[in-house]
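The values are calculated or read from the model by the stated rules, or taken from the named source; none is laboratory data. For clarity, every value in this text was computed on a predicted model and none was experimentally measured. Neighbour counts are summed over all protein chains in view; Cβ atoms, including those assigned to glycine, are modelled from backbone coordinates with ideal geometry. Surface areas here come from the heavy atoms of the whole protein model, side chains and all, with no ligands, DNA or RNA. Shrake-Rupley method; radii C 1.70, N 1.55, O 1.52, S 1.80 Å.
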Amino acid sequence: MNAGADKPRLFYALWPDAVTRTKLAGLQQHVSGRLMPAQNLHITLAFLGNQPRALLPLLEEVLHALPLQTMQLDIDSLAYFNKPRVAWAGPSVVPQALLNLQSDLMKALEVAQIMLKPVAGFKPHITLARDAPPPLQQTIPPVEWKVGEIALLESVSSVQGAQYQVLVQRSLS
């Protein structure tokens, strides 16, 4: 039995459809470093860390209780996190619907007494590369992402790196 079997590493994310994921992967041409596998591209809404597997039904309830609405993200800028050396893409203008969704999720997790590490502020982004230098440009032609799915995922470590498995998925419409 692996170490994460009883306490999987979990997070909630906006999960792109296959066509959008391919377009997002195309943005990796603008960065260097250790590129993220295309199948892992997403926007994290809440990182839960290692949680007891027994919490999965409650975490699924939290997901299904969220007030959801469709939204479009225009992924039109590249940026960089210095300390983890991460090159990422994101929207230059964050829709209020996304801020509301993330805030509602954090409040629901607090009500459910799910322990999280405090975060300084929500910065919606798609990690494109790790161990990366800063991107040479900041503005890129936009990738239009009509966000359709939110998911609870498990990060599973393997020799190839982390692989993300969708545990529960919900449509935003």
With the requirement that a residue be of a type in the set (A, V, I, L, M, F, W, C) and under 24 Å from Leu99 (Cβ atoms), what does segment 37-61 give you?
Leu41, Ile43, Leu45, Ala46, Phe47, Leu48, Leu59
Tell me yes or no: at least one residue of segment 122-135 is over 24 Å from Ser32 (Cα atoms) and at pLDDT below 95.
yes
Looking only at residues that are in contact (Cβ under 8 Å) with a residue 40 or more places away in the chain and open to solvent by less than 70 Å² (accessible area, probe 1.4 Å) in segment 108-121, which one is farthest from Ala38 (Cα to Cα)?
Ala112
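Being of a type in the set (A, V, I, L, M, F, W, C) and part of a helix (DSSP H, G or I) is the filter; apply it to segment 60-92 and report the residue that is surrounded by the most Cβ atoms within 10 Å (Cβ to Cβ).
Val62
Residue-by-condition table, conditions (1) closer than 23 Å to Pro95 by Cα; (2) aliphatic (A, V, I, L, M); (3) at pLDDT 95 or above; (4) surrounded by 14 or more Cβ atoms within 10 Å (Cβ to Cβ):
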| residue | (1), (2), (3), (4) |
| --- | --- |
| Lys7 | no, no, no, yes |
| Leu10 | no, yes, yes, yes |
| Pro16 | yes, no, yes, yes |
| Arg21 | yes, no, yes, yes |
| Leu27 | yes, yes, yes, yes |
| Val31 | no, yes, yes, yes |
| Ile43 | yes, yes, yes, yes |
Leu136 vs. criteria of a type in the set (A, V, I, L, M, F, W, C), within 18 Å of Ser77 (Cβ to Cβ) and either open to solvent by 70 Å² or more (accessible area, probe 1.4 Å) or without any contact (Cβ under 8 Å) to a residue 12 or more places away in the chain (or both):
yes
